[in-house]
Amino acid sequence: VYLETYGCQMNVSDAEIAWAILRESGYARTGQPDEADVILLVTCSVREKAEQTIWNRLQQLKALKAQRPRARAPLRVGILGCMAERLKEEILHREKLVDVVAGPDAYRDLPRLLALAESGQRAANVLLSLDETYADILPVQTSAGGTTAFVSIMRGCDNMCSYCIVPFTRGRERSRPVASILQEVRLLSEQGVKEVTLLGQNVNSFRDMSEVQFQSAAAPALSRGFSTVYKAKPGGLRFAHLLDQVSRIDPEMRIRFTSPHPKDFPDEASVLQLIQERHNICKQLHLPAQSGSTRVLEAMRRGYTREAYLELVQHVREAIPGVSLSSDFIAGFCGETEDDHQQTVSLLREVRYNVGFLFAYSMRQKTRAYHRLQDDVPADIKKRRLEELIAVFREEAARANEVLVGQSQLVLVEGPSKRSASELCGRNDGNIKVIFPDTETLDAGGCEAAARARPGDYVLVKVTSATSQSLRGVLLCRTSLSRAAASR
């Protein structure tokens with residue numbers, strides 16, 4: 001089997017779950033599509049462009065199928081994930097190329113579906129589940145070098161933002177039991193993984209109901225000035241508890257999480273307190289804004305105003321000094337005026353994010369926007385607005401990153417730089433890429449001989465220059481997460 005992954009980090013995690021299930025059924029993995037008997041594409045439906053990429057890829061696979069020697073068994077092609085959920089009928093009928101279609105909650109059924117495909121049938125399962133979390137399946141890590149890993153803690157989403165297809169492709173929100181998450185993180189620690197990212201569509205509304213004694217806990221408060229389309233649910237172990245437990249497993253393992261929703265950082269904010277206190281929880285937060293205009297935010301059903309969002313940003317910066325912020329923005333949403341767009345530009349300037357993910361709006365069927373709103377911003381205006389947002393984001397990110405010039409940053413080495421074999425690349429606490437020369441260096445503890453840094457090592461790098469995308473610097477020494485925290 002050959003797996004290709006498109007889209008978000010959740011899909012990387014899904015590919016690992018699918019592979020773990022197939023390996024149990026006797027499949028072998030290949031890194032070459034022309035060696036494969038089965039090619040599976042883990043797909044994304046968030047934007048039209050993501051889906052078009054898959055249709056184009058299917059045309060290439062059609063040629064691969066046609067070239068297959070008759071002596072070999074026919075090549076089987078499968079579409080997994082969100083696009084499978086959204087477009088099952090079209091995928092099966094368009095050019096009759098796809099043999100298997102499996103939605104995000106149907107990966108356990110893959111061996112059966114593939115067996116049907118082997119007998120010449122075309123097979124599909126896109127049933128969404130109210131309780132499937134794959135909690136008992138330990139994913140087989142596929143990330144390069146084994147230095148970092150994604151751990152899925154929940155599936156689905158209940159927020160129903162008007163632009164978003166996710167609740168329709170991934171179903172309702174449900175959380176994995178804390179015990180199964182801790183077991184997976186311990187296993188990763190034993191394998192030498194040095195950074196884990198906890199994944200969910202909305203991680204800070206995590207709610208594990210598996211332990212009876214916590215089922216009567218009160219529902220948490222929302223951040224001040226925030227609202228939600230659904231009633232907050234009582235009971236369960238919450239995200240702050242999970243984050244506390246995960247961060248205790250290995251003091252030399254960095255913990256990140258994504259993506260939270262701004263509404264779920266209440267004023268008492270134990271999550272923010274944990275980030276500030278624990279040396280191994282990264283001082284980095286993803287706060288998806290989507291727009292800087294209160295009017296557009298209301299149309300998007302985000303549950304906050306521009307003012308409430310800015311108040312939260314100030315609160316976060318007071319609670320976690322030096323925090324690195326990232327965000328998502330949509331250009332050209334339904335009804336967005338030039339004034340609304342300028343308000344988003346000014347929000348980018350005011351907050352000055354370190355990392356940004358910016359996209360032009362893409363109308364998706366099934367969403368509230370599809371049924372209730374008009375996609376009335378012309379494509380050329382969306383494109384111009386997106387380009388303006390990207391330019392402003394880069395300008396401000398460059399300024400934010402320039403503040404780090406002259407400082408030393410703790411970097412987790414990931415491997416060689418893409419552009420030069422004589423340089424290494426890693427990320428600092430704020431998730432910003434740091435590039436530095438691959439030279440021998442001493443260990444900060446002073447008891448090891450000079451050596452080159454390897455993937456999985458922590459190093460101190462003195463920053464010498466910065467752009468909107470990355471930092472460059474000189475290598476000071478190898479160190480550890482605990483030592484670096486103690487010397488702050």
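Observations
- Amide hydrogen proximity for residue 423: with H placed 1.01 Å from N in the peptide plane, the residues at 5 or more positions away or on another chain lying under 5 Å are 417, 438.
- Option label - P(r) over Cα pairs in 20 Å bins from 0, in percent computed here, alternatives [x] 17, 35, 26, 15, 7, 1, 0; [y] 21, 51, 24, 4, 0; [z] 22, 55, 23, 0: [z]
- Judged by the gyration tensor of its Cα atoms, with axes a ≥ b ≥ c, segment 66-150 is oblate; a/c meets the 1.5 cut and b/c is at least as large as a/b.
- Separation of alpha-carbon centers, segment 275-321 and segment 459-488, rounded to whole Å: 27 Å
- Inter-label distance, nm, simple model (7 Å from Cα along the C-beta direction), residue 138/residue 25: 2.2 nm
- Percent RCO, i.e. relative contact order, over the chain, from Cα pairs under 8 Å lying at least 6 residues apart: 10 percent
- Each Cα pair under 8 Å and six or more residues apart adds its separation to the average, and for segment 148-401 the resulting relative contact order is 18 percent.
- Gyration tensor (alpha-carbon) shape descriptor, segment 2-125, a/c threshold 1.5: rounded
- Taking amide H as placed 1.01 Å from N in the peptide plane, residue 39 has its amide H under 5 Å from the amide H of 2, 76, 77, 78, each at least 5 places away in sequence or on another chain.
- Entry note, the chain: the mean residue ellipticity at 222 nm calculated from DSSP H runs of n ≥ 4, each adding -39500 (n - 2.57), is -10000 deg cm²/dmol after division by the residues and rounding to the nearest 500.
- Cα-based Rg of segment 26-76 normalised by 2.2 N^0.38 Å, two decimals: 1.31
- Hz values of 3J(HN,Hα) by residue in segment 186-191 - Karplus curve (6.51, -1.76, 1.60), Gly and Pro given as x: 4, 4, 5, 4, 5, 7
- Mean projected area of the Cα convex hull of segment 419-487, taken over all directions, amounts to 4.9 nm².
- A cut-off of 5 Å between modelled amide H atoms, ignoring neighbours fewer than 5 places along the same chain, links residue 429 with 410.
- Backbone HN-Hα couplings from phi across segment 98-113 [Karplus 6.51/-1.76/1.60, Hz, Gly and Pro as x]: 8, 9, 9, 10, 9, x, x, 9, 10, 5, 4, 8, 4, x, 5, 4
- For segment 2-125, relative contact order (Cα pairs under 8 Å, six or more residues apart, normalised by length) works out to 25 percent.
- Accessible area per residue for segment 221-374, computed on protein heavy atoms with a 1.4 Å probe, is 39 Å².
- Taking the accessible area of segment 407-487, probe 1.4 Å, and keeping the other protein chains in place, the carbon and sulfur fraction comes to 48%.
- 3J(HN,Hα) along segment 465-477, derived from phi through the Karplus expression 6.51 cos²θ - 1.76 cosθ + 1.60 where θ = phi - 60°, amounts to 7, 9, 10, 5, 9, 7, 10, 10, x, 10, 6, 9, 5 Hz, with x in place of Gly and Pro.
- Principal axis extents of the Cα atoms in segment 269-399, from largest to smallest and rounded to whole angstrom, are 47, 30, 23.
- Taking only the Cα atoms of segment 201-332, the radius of gyration and Dmax are 15.2, 47 Å.
- Debye log10 I(q)/I(0) at q = 0.11 Å⁻¹ for segment 148-401, Cα point scatterers: -0.62
- Rounded, prolate or oblate (a/c below 1.5 giving rounded, otherwise prolate when a/b exceeds b/c) for segment 316-464 by Cα gyration tensor: prolate
The values are calculated or read from the model by the stated rules, or taken from the named source; none is laboratory data. Not measured: the values here are computed from a predicted model. With ideal geometry, Cβ positions are generated from the backbone for all residues, glycine too; neighbour counts draw on all protein chains shown. Heads up: the accessible areas ignore ligands, DNA and RNA and are worked out on the full protein's heavy atoms, side chains in. Shrake-Rupley method; radii C 1.70, N 1.55, O 1.52, S 1.80 Å.
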